[in-house]
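The structure under discussion appears below in the form of structure tokens.
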Amino acid sequence: MRKFLITLAILVGCIAAVSAAWIFGGRQLSLFIDRYRTIETASARINSITYEGSGTGGRLRVNDLALSLNDTNGPSPSIGSTKDDQVALAASGKVFPFGPPRSEAENLAAVPPAGDDAFIEIRRSVLSWPTPFDFNFMTGHSPSWKRHIYYRLLWKKTSGAKLEMLWRYEQYFYPANGWGSGFMTKEGSTGLVEVQIRP
């Protein structure tokens, strides 16, 4: 009987330790897993891209999806027009042209030229984490779970040049409403996290 009680106490202790690690370290564990695998929830071809801003910061509207360039946790790209009249993004000393500007647009806007492969993907974390200690005193509604959601822009030109941009946000789960829109920010870990232009 004593051996059974010791085994039971060890089992309960292990379950408590794993639960505490999941609650207090779930975000970091989720980020670690996300480096290797995420789950695609949607993908769409880019039909238009519009920049709303003054060169740095602002918003990049991809189809109907508005993605912020203000909250960056990595490179801070700039967007403007090139000498050969192309709407382009510049980061880390490299320039990626989107295409000729649309003359009827109020802001800098372009459509992918023929032959370009341009997609926007929405992906989410494999692992969600519980948030039993989150309280919202303003509304009384607090999320019971959180996970990361990713917006990934992939654009490849016929020349072989490739642009990849990645935004990361937190998505909240409310028992009454399900998963939220997925644009919640957390200082230091959300927003635009990656911009790569190759070659």
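In this view, the solvent-accessible surface of residue 124, computed with a 1.4 Å probe and all protein chains in place, comes to about 60 Å².
For the range 79-165, rounded, prolate or oblate, judged on the Cα gyration tensor with a ≥ b ≥ c (square roots of eigenvalues), a/c < 1.5 rounded, else prolate if a/b > b/c? Provide the component values of the computation, followed by the final result.
Values: a/c = 3.30, a/b = 2.30, b/c = 1.44.
Prolate is the answer for the range 79-165, as a/c is 1.5 or above and a/b outweighs b/c.
As a rough guide to protection, the peptides 39-52, 172-185, 155-168 ranked by mean Cβ packing within 10 Å, highest first, stand as 155-168, 39-52, 172-185.
To the nearest 20 debye, what is the magnitude of the charge dipole of the chain about its Cα centre, counting +1 on the Cβ of each Lys and Arg and -1 on the Cβ of each Asp and Glu? Kindly include the intermediate steps, with their values, before the conclusion.
Details: 22 positive and 17 negative charges, 184 e Å.
Roughly 880 debye, rounded to the nearest 20.
Taking a ≥ b ≥ c as the square roots of the Cα gyration tensor eigenvalues, the range 42-95 comes out oblate, since a/c reaches at least 1.5 and a/b does not exceed b/c.
For the chain, the per residue solvent-accessible surface stands at 58 Å², with DNA, RNA and ligands left out and a 1.4 Å probe.
Among rounded, prolate and oblate, which fits the range 140-199 when a ≥ b ≥ c are the square roots of the eigenvalues of its C-alpha gyration tensor, a/c under 1.5 means rounded, and a/b larger than b/c means prolate? It comes out prolate by the Cα gyration axes. Using Cα extents along the principal axes in Å as the read-out, say which of (i) 46, 39, 34; (ii) 51, 36, 32; (iii) 83, 39, 27 was calculated from these coordinates. Among (i) 46, 39, 34; (ii) 51, 36, 32; (iii) 83, 39, 27, the one derived from this structure is (iii). Close amide H pairs (under 5 Å, H built 1.01 Å from N) link residue 48 with 63, residues at least 5 positions away or on another chain.
Tell me the angle of helix 2-34 to the major Cα principal axis of the chain, expressed in degrees between 0 and 90 and rounded to the nearest ten. Around 10 degrees separate the two axes.
Leaving ligands, DNA and RNA out of it, report the carbon-plus-sulfur percent of the accessible area of the chain at a 1.4 Å probe.
Numbers: 6610 of 11560 Å².
Here it works out to 57 percent.
Helical content alone sets the calculated 222 nm signal of the chain at -6000 deg cm²/dmol, taking -39,500 (n - 2.57) per DSSP H segment of four or more residues and averaging over every residue.
Of the residues 125, 113, 82, the one whose Cα sits farthest towards the positive end of the charge dipole of the range 77-158 is 125 (charges of +1 on Lys and Arg Cβ, -1 on Asp and Glu Cβ, taken about the Cα centre). For residue 179, the residues whose amide H sits under 5 Å from its own are 174, ignoring neighbours fewer than 5 places away on the same chain, with H placed 1.01 Å from N.
The values are calculated or read from the model by the stated rules, or taken from the named source; none is laboratory data. It should be emphasised that the depicted structure is a prediction, and the values quoted were computed from it without experimental measurement. Positions of Cβ are generated from backbone atoms using ideal geometry, with glycine treated the same way; all protein chains shown enter the neighbour counts. All accessible areas refer to the heavy atoms of the entire protein, side chains included, with ligands and DNA or RNA removed. Shrake-Rupley method; radii C 1.70, N 1.55, O 1.52, S 1.80 Å.
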